[in-house]
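Below you'll find the structure, written out as structure tokens, and then a few comments.
The values are calculated or read from the model by the stated rules, or taken from the named source; none is laboratory data. Values in this document were obtained by computation on a predicted structure and should not be read as measured data. Please note: Cβ atoms are built from the backbone with ideal geometry, for glycine as well, and neighbour counts cover all protein chains shown. When the accessible area is computed, the model is the full protein with side chains, heavy atoms only, and any ligands, DNA or RNA have been set aside. Shrake-Rupley method; radii C 1.70, N 1.55, O 1.52, S 1.80 Å.
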Amino acid sequence: EIDENLVADRMMLIKNNTAIGVTITKKVYAFTQQNHDNYFIFDYVLKNTGIVSADGDVYQQALTGFIFYLGYRYAFAGESVLGYEQGWGIWNSAWGRNTVNDVIGTDPTANDFLYRAHFAWYGPHSERPLPSTEDDWGCPNELDDGILAAAKFGGAMVLHADKSAQDHSDDLYQPRTTHFIDTDGDPCYPPSLYTYNEQYMQIRYATMTLGHAAQTQAQQIEASGLPANEWGPGIGGSQSTFGFGPYELAPGDSLHFVIAQGYSGISREKNREVGGNWLQWHRGTGTPTLTMPDGATSTNHTEYKKAWVLTCKDSLMQTFAHMKANFDLGYDIPQPPPPPSSFTVTSGGDKILLTWANNAASSLHFGGYVIYRSRGTVMSENTVYEQIYETNEDVTSFEDKTAVRGFDYYYYIQSKDDGTQNDVHPGTP
């Protein structure tokens, strides 16, 4: 349904009951504003309703030492692994065997405290058929075009965690646990098989209350000198965790948590450039200029590619800044004009006619339209959109006379603002 007062562009509502009588209501917010379209915000309310079954049976009890626990299993192989032994990547990277997890913000009194968050990335895989493991930063496609499947970082940050069921102010010391666990370890066995197994549940509870690791997984991997895929006990790799609590929940008590999760990296255009340059040096077919992120030049194609992949961390930190700014503003971020309510493409003899509705023109700060064209659909990761038209005027049509016969074309239109909101965009460090 459409709700004009919705704080986000889209919200998904999920509600479920648990075997210990806590009802979880989760709202997932998504935004289309260009600086906020690469993350989701998860708003959780946990209430001790006493509902313990799908049939609605109620067993009222106070919950002591209650922990709200979340696990995040990241895998960044993406398009490099299309299926078993398909693609240029290694099969077990598809489920995160080589994922590296790190944590920041466990001590709110620290001078560098900024965010309560974890983040993860693709650790170079030692089984890739490259001259060295270091060559696998970004998981480049050495068989074709050099595209980097893993030029991205992902992570989650805590925006709010109640101090108690009676004090709903934000507790900067939560989460109390920011550990990493073996995805194939005992605590990750399906709880439905062990819910009433006391010994197993003690193991799980101990895991949920581990606290903060003396060294993060990333630090331990670095200290070991091993490739990420060779470190650790389980073939499934490790996952990051948040553990909030312990709390006391009397019947009817509730807790509120807000967590944002996002991903960021280099653009597809920069990806093609960096991967293509690396590939020429790798194959010995060319020596294009290798411009590092700081503007210097290099002749070391391995370090060049690695440096650009590591800029994805900076991009994710900027995404974290956007998440927090959005939340702090009550989700009241600058909004662009809406897209046209209709967009029609009509083939002609010597042109393709594009027409659209003008509903965006009545919006505050309206600044015109931009139109892109491609020969592939958005469902293909290799699709390239080229800008073919831009206007600052309130027009509703454009004639594309540059299309070539014999090809399928796809068009993409955006409304844009007048630029006056650029300097008031929140969250940019």
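The table below gives the values:
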{"item": "Protein-only accessible surface order, largest first, of Arg128, Arg405 at 1.4 Å", "result": "Arg405, Arg128"}
{"item": "Nearest-20 debye value, region 153-298 charge dipole, Cβ charges on Lys, Arg, Asp, Glu", "result": "620 debye"}
{"item": "Residues Arg268 and Ser347, FRET efficiency given R0 of 35 Å [Cβ-Cβ distance, rounded to 0.05]", "result": "0.80"}
{"item": "Inter-label distance for Glu399 and Tyr59, nm, one decimal - labels placed 7 Å from Cα along Cα-to-Cβ", "result": "7.5 nm"}
{"item": "Degrees, to the nearest 10: 301-328 long Cα axis against longest axis of the chain", "result": "70 degrees"}
{"item": "Normalised per residue, the volume of the convex hull around the Cα set of region 45-95 (Å³)", "result": "149 Å³"}
{"item": "Gyration tensor (alpha-carbon) shape descriptor, region 114-209, a/c threshold 1.5", "result": "oblate"}
{"item": "Bins of 10 Å, starting at 0 and running to the largest distance - Cα pair percent for the chain", "result": "4, 17, 25, 25, 18, 9, 2, 0"}
{"item": "In degrees, nearest ten, helix 268-283 long axis to first principal axis of the chain (Cα)", "result": "80 degrees"}
{"item": "Rounded tilt (10° steps) of 198-208 against the dominant C-alpha axis of the chain", "result": "50 degrees"}
{"item": "Probe 1.4 Å, accessible area per residue of region 227-332, Å²", "result": "41 Å²"}
{"item": "Pairs of Cα atoms farther than 15 Å apart, region 334-429, %", "result": "64 percent"}
{"item": "Relative packing of peptides 88-99, 263-274 - highest average C-beta neighbours within 10 Å first", "result": "88-99, 263-274"}
{"item": "Sequence of Phe153, Phe366 from largest to smallest accessible area, 1.4 Å probe", "result": "Phe366, Phe153"}
{"item": "Spin-label model distance (nm) - Ala214 vs His256, 7 Å beyond Cα toward Cβ", "result": "3.9 nm"}
{"item": "Of all accessible heavy-atom area on region 166-285, the percent that carbon and sulfur account for (1.4 Å)", "result": "53 percent"}
{"item": "Calculated [θ] (222 nm, deg cm²/dmol) that DSSP helices of n ≥ 4 give over the chain, each run adding -39,500 (n - 2.57)", "result": "-5000 deg cm²/dmol"}
{"item": "About the Cα centre, charge dipole magnitude for region 69-215 (Lys/Arg +1, Asp/Glu -1 at Cβ), debye", "result": "440 debye"}
{"item": "Distance in nm between pseudo-label sites at Ala296 and Asn5 (7 Å out along the Cβ direction from Cα)", "result": "5.7 nm"}
{"item": "Cys188, Cys312, ranked by accessible area, largest first (probe 1.4 Å)", "result": "Cys188, Cys312"}
{"item": "Most mobile listed residue (Asp350, Asp328, Asp136) in the chain, GNM with C-alpha springs under 10 Å", "result": "Asp350"}
{"item": "Percentage relative contact order, the chain, counting C-alpha pairs under 8 Å, at least six apart", "result": "16 percent"}
{"item": "Within the accessible area of region 1-104 (1.4 Å probe), percent carbon and sulfur", "result": "50 percent"}
{"item": "Size of electric dipole in region 294-376: Cβ of Lys, Arg +1 and of Asp, Glu -1, about Cα centre, debye, nearest 20", "result": "320 debye"}
{"item": "Extreme residue, positive dipole direction of the chain, given options Ile221, Pro336, Ala296 (C-beta unit charges)", "result": "Ile221"}
{"item": "Where region 68-217 is the region considered: accessible area per residue in Å², 1.4 Å probe", "result": "45 Å²"}
